[in-house]
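The numbers here are math on the coordinates, done by the rules we state, and not lab data. As the structure is a prediction and not an experimental result, all values here were calculated from the model. A quick note on method: Cβ atoms are made from the backbone with ideal geometry, for glycine too, and the neighbour counts reach across all protein chains shown.
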Amino acid sequence: MKIKVFVLSLFVVVAGLTACGKYEEGPGLSLRSKKARFVNTWLIEAIELDGKNVTADIASAGGLFNEVEFKEDGSYFERYTGTTDKGKWEFADGKEKVKFTPEAVGAVATEGTIKKLKENAMWIEEEVDVLGVKQKLLYKLKAKNTVY
């Protein structure tokens with residue numbers, strides 16, 4: 001009888017832990033807080049527009065930042081060759097989204113849905129308007145200190 005109770009308890013705990021994942025692409029469970037995983041310096045691994053890799057197209061147009069740093073105080077810095085843009089970030093919608101508010105005059109705040117948030121990988125998806133058509137832009141980022 002004790003074995004049945006133990007097995008049932010173990011099943012309930014395992015089922016509960018596997019259901020803890022907030023982000024579509026993971027992780028299912030993390031001992032680090034969302035903020036601790038988010039605050040980092042990130043590099044572009046790829047950018048996809050409706051599933052098509054457009055990283056090279058954006059880079060050739062000069063619109064690709066070299067790195068983005070998210071600080072614990074809610075500030076961020078996008079570093080391009082020769083210039084840096086900065087602003088504020090904050091979680092939204094139960095930490096499933098993140099809002100970016102640039103400091104530049106006339107710049108518009110944007111909001112992205114966090115698809116993956118791991119210590120060394122983060123995916124953020126934004127809905128963008130391309131010539132009147134709504135499309136999904138997915139930023140795949142890797143931590144600057146990540147070695148593959």
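On a straight-distance basis, which aspartates and glutamates could pair with Lys134 in a cross-link, Cα separation under 20 angstrom, same-chain partners fewer than 8 positions away excluded?
Of all the aspartates and glutamates, those that pass the test against Lys134 - Cα under 20 Å, at least 8 places apart if same chain - are Glu48, Asp50, Asp57, Glu111, Glu125, Glu126.
Could you compute the FRET efficiency for Glu96 and Asn66, with r as their C-beta to C-beta distance and R0 at 25 Å, rounded to 0.05?
0.35
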